[in-house]
Amino acid sequence: MQQIMNRAIEKVPDAERPAVAWSFAAGDKVAARTRVLDCRDNVLRVQVPDATWRAQLMAMTPQIMTQLRQFVPIVRIEFQLARPQDERRAGTHRYSR
C-alpha cells in the first residue's frame, strides 16, 4: 500500500501534493470535513469545521504528521476554524514536533 501511495503522490503536481497527502494521512472521512488551505515554509494550514474538530485533530497530529512526512516535508500543522469569528475567540492552534 505504501509503495502504491508513493507512486501515486509522485505523479501529483507539487502544488496539490500537500492536499493529497493530507487526504491519505488523515483519512477520507476527516479529509471530507477539512480543507488544506496552503503549505508554506513546511507549515501545513488546515481549515476545520469547529473547535471540537480542531481539538480531536490536535490529539491525532503526531500520527498524522508521521504519515504526512512520508510524502511532504512538514514541520508543523496549523488548524484554523472555518468561521473567522470563531478563530478570534479561540485563537490559532498549532502543533509542531
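None of the figures in this text is laboratory data; all of them are computed from the coordinates on show. Note that the coordinates shown come from a computational prediction; the quantities given were computed from them, not determined experimentally. Here Cβ is always computed from backbone atoms with ideal geometry, including for glycine, and neighbour counts include all displayed protein chains.
Quick look at the numbers
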{"item": "When residues of segment 64-77 are limited to those that are exposed (fewer than 13 other Cβ atoms within 10 Å of the Cβ) and of a type in the set (Val, Ile, Thr), the one nearest to Val20 (Cα to Cα)", "result": "Thr66"}
{"item": "Within segment 23-35, tally of residues that are closer than 19 Å to Thr52 by Cα and either in contact with a Cys (Cβ under 8 Å, 6 or more places away or on another chain) or surrounded by 19 or more Cβ atoms within 10 Å (Cβ to Cβ) (or both)", "result": "2"}
{"item": "Any hit, segment 53-69, residues being closer than 16 Å to Ala25 by Cα and either part of a loop (DSSP other than H, G, I, E, B) or touching a Gly at 6+ places or on another chain (Cβ under 8 Å) (or both)", "result": "yes"}
{"item": "Hits in segment 36-63 (condition: farther than 11 Å from Glu78 by Cβ, surrounded by fewer than 14 Cβ atoms within 10 Å (Cβ to Cβ) and under 12 Å from the mean Cα position of the chain (by Cα))", "result": "Asn42, Pro62, Gln63"}
{"item": "Residue list for segment 1-17, restricted to those being surrounded by 10 or more Cβ atoms within 10 Å (Cβ to Cβ) and either closer than 11 Å to Gln70 by Cα or of a type in the set (D, E, K, R) (or both)", "result": "Met5, Asn6, Ile9, Glu16, Arg17"}
